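K.L.:
What follows is a structure written as structure tokens; I'll ask about it next.
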Amino acid sequence: MLFEALQYLFTPCPADVRALGHLSGLISLGSRHRRCRRAWVPHLDKSRALFLDAARACQRRRTLLVAGSGLLLDVPLEELAGLFERVILCDVLHLPGVRRRARRLPGVELDCRDLTDLGPRLLAELRAGRSPDLSVPAPEHFLDRQDLDLVVSANLLSQLPLPLLGFLARNHPDLEPEALERLAREIVEAHLAWLGRFHCRVCLVTDMERLKVRGGTILESEDPLFGAALPAPERAWDWDMAPRPELWPDADARHRVHGWLDFRAG
């Protein structure tokens, strides 16, 4: 906990990104990975293999966009940089370790942006004392680029609503749970619609179900996509995200993960 607190205090980060909870989310993710490293290996290996298979299936390899590059835990950056002329790592924030790794590779670019287009608007409304506008815009990011041959959505889909839901819960506790769930689903659906508008191969990995399990018994199940529908996956596996006692002393958190080598084809 002390290391996380120091990392939060001393990591360079724009104030708005910090206020929306993105920095704390990335730091928490890195800490959980360190604690559960062994349990995460199969999931991370399968994610990397899917991304590499999608990359090798591309006939042209000019530019690859990784949406949700995060801590690069599941992104085989060095291999992808060797396959493509240019790799764009896109996330709302890139921590120093990611920046150092990217600098060592020619053709790797860092792009910082909120792919939902919602965070800056919600902050502006809060500061102006206005009620939050919960309408979800249709993202346009990168759609005008003609050199993209692969877009990867890297374990991002279910994560997109979470910082915004947390921000709204902290600052607008009067909002109805139904309104927040509707917002979350629309964010997920907007990202899927955005992926569908590209004219190149799109590779998608996302968790589809979050389970609380004890032995072979499912105690609880949660839909991380808030009811959004997806086609049948090309690959599927389980991710032991938080083995006991990480979240519960007597149960494990397990995610069901689906992957598509070419989501648009589905």
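K.L.:
At 222 nm, what value in deg cm²/dmol follows for the chain if DSSP H runs of at least 4 each add -39500 (n - 2.57) and the sum is divided by all its residues, to the nearest 500?
P.N.:
Numbers: 9 runs with 103 residues, N = 266.
Result for the chain: -12000 deg cm²/dmol, rounded to the nearest 500.
K.L.:
I've got another one for you. Where does the charge balance sit around Pro14 when Lys and Arg score +1, Asp and Glu -1, over other residues with C-beta under 12 Å from its C-beta?
P.N.:
Working: positive: Arg18, Arg113; negative: Asp16, Asp114.
Spelling it out: positives minus negatives among the neighbours equals 0.
K.L.:
Just grab the label-to-label distance for Asn171 and Thr11, each label 7 Å out from Cα along the Cβ direction, in nm (one decimal).
P.N.:
2.0 nm
K.L.:
Let me ask something else about it. What number results when the radius of gyration of segment 37-81, computed over Cα atoms, is divided by 2.2 N^0.38 Å?
P.N.:
On the way: Rg = 11.2 Å, N = 45, 2.2 N^0.38 = 9.3 Å.
Compared with the compact-globule rule of thumb, segment 37-81 sits at 1.20.
K.L.:
Which peptide among 97-109, 2-14, 193-205 comes first, and what is the full order, when sorted by highest mean count of other Cβ atoms within 10 Å? Could the numbers behind the result be given before it?
P.N.:
Numbers: 97-109: 13.6, 2-14: 11.7, 193-205: 19.6.
Final packing ranking: 193-205, 97-109, 2-14.
K.L.:
Give me the distance in nm between label points sitting 7 Å out from Cα along the Cα-to-Cβ direction at Ser135 and Ser24, one decimal.
P.N.:
Each label point is offset 7 Å from its Cα along the Cβ direction, giving 3.0 nm.
K.L.:
Work from the charge dipole of segment 142-257 (Cβ charges, +1 for Lys and Arg, -1 for Asp and Glu, about the Cα centre) and give the residue of Val202, His255, His191 farthest towards its positive end.
P.N.:
Val202
K.L.:
OK, next. Run the quick spin-label model on Arg104 and Gln159: label points 7 Å from Cα toward the beta carbon, then report their separation in nm to one decimal.
P.N.:
Modelled inter-label distance: 2.1 nm.
K.L.:
Which three numbers, in whole Å and largest first, are the semi-axes of the equivalent ellipsoid of the chain derived from its Cα gyration tensor as √(5λ)? List each step's numbers first, then the result.
P.N.:
On the way: eigenvalues 140, 111, 85 Å².
Computed over the chain, the values are 26, 24, 21 Å.
K.L.:
How many angstrom lie between the Cα centre of segment 48-92 and the Cα centre of segment 128-202?
P.N.:
21 Å
K.L.:
For the chain, what relative contact order do you get, as a whole percent, if you take Cα pairs closer than 8 Å and at least 6 residues apart?
P.N.:
Values: 434 pairs, mean separation 50.5, N = 266.
Contact order relative to length: 19 percent.
K.L.:
Sticking with this structure for a sec: Grab the other residues whose beta carbon is less than 14 angstrom from that of Pro249, score K and R as +1, D and E as -1, and report the net.
P.N.:
Values: positive: Lys212, Arg214, Arg244; negative: Glu246, Asp250, Asp252.
That works out to 0.
K.L.:
Once you list every other residue whose beta carbon is under 15 Å from the beta carbon of Asp53, what net charge do they have if Lys and Arg are +1 and Asp and Glu are -1?
P.N.:
Working: positive: Lys46, Arg48, Arg56, Arg61, Arg201, Arg235; negative: Asp45, Asp74, Glu79, Asp149, Glu234, Asp262.
Net charge around Asp53: 0.
Just so you know, all these numbers are worked out from the coordinates, no wet-lab data involved. On a predicted model such as this, the values are computed, not experimentally measured, just so you know. Quick reminder, even Gly has a Cβ in these numbers, built from the backbone with ideal geometry, and neighbours come from all protein chains shown.
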